[in-house]
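First up is the structure itself, then whatever we jot down about it.
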Amino acid sequence: MYRFFRTVMRCPTDVAEVLTQLATYKGHLPTGSPLSPIMAYYAYYDVWERIAAVAVRHGWTLTVYVDDVTISGTHVRAKHLWEVKAAIHACGLRYHKEKSYFDRPPEVTGVIITAEGLQAPNRQLLRMRQTRRRMAMQPKNAQQGKALVGTLQGLRGQMKQIRSANN
């Protein structure tokens, strides 16, 4: 985060240090914080710009959500993906997953893309059913009940986002 505040935002050293301390917990973006997805994206804005330039040059579509990068197009060749990998490595980062979809609808940032629109993956629908079932079985204590309600609300929120994107 310090790098972002110092180089991208061009903050003085002392200001960059204070902002980094405010935005992080033990040196990392806190999971679940509303600030985290935004900061994770902007912290590597220069990387996304490099990858976008490669995507435009080859006629691909680039999708970035936090740190999840998806390249899509009709002719995405492995030899050209090396340009993307080089851009990632040039910024001192590593990639850890590679997925290719040829014979089934692709999943991009946790959403299935079909000709009819966006859909939630089956695992999310299953998780929603299981959470409802656990709630119906009377949670062991109030804390467990509260956690199940939170999980269900989060899953419903995801489903609502998918529906709204289709409209």
Among residues of the range 10-28, those that are in contact with a helix residue (DSSP H, G or I) (Cβ under 8 Å, 6 or more places away or on another chain) and either loosely packed, with under 13 Cβ neighbours inside 10 Å or on the phi > 0 side of the Ramachandran plot (or both), counted: 1
Every residue in the range 62-75 that is in contact with a helix residue (DSSP H, G or I) (Cβ under 7 Å, 6 or more places away or on another chain) and in a strand (DSSP E or B), please. L62, V64, V69, I71
Might you let me know whether the range 107-115 holds any residue that is loosely packed, with under 10 Cβ neighbours inside 10 Å and in a loop (DSSP other than H, G, I, E, B)? yes
Any chance P106 is at pLDDT below 85, under 18 Å from the mean Cα position of the chain (by Cα) and not assigned by TED's automatic domain parsing to the domain that holds I38: yes
Regarding the range 15-33, can at least one residue be identified that is at pLDDT 85 or above, assigned to a helix (DSSP H, G or I) and either touching an Asp or Glu at 6+ places or on another chain (Cβ under 9 Å) or of a type in the set (S, T, N, Q) (or both)? yes
Using the structure shown, decide if Y65 is surrounded by 11 or more Cβ atoms within 10 Å (Cβ to Cβ), free of Cβ contacts under 8 Å to residues at least 40 places away in the same chain and out of contact with any Gly (no Cβ under 7 Å at 6 or more places or on another chain). no
I'd like the residue in the range 34-61 that is of a type in the set (G, A, S) and part of a helix (DSSP H, G or I) and, out of all such residues, is nearest to H96 (Cα to Cα). A40
Quick check on S100: is it surrounded by 12 or more Cβ atoms within 10 Å (Cβ to Cβ) and at pLDDT below 85? no
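The values are calculated or read from the model by the stated rules, or taken from the named source; none is laboratory data. Computed from a predicted model, the values in this text were never measured in an experiment. Cβ sites come from the backbone with ideal geometry, for glycine too, and all protein chains shown count toward neighbours.
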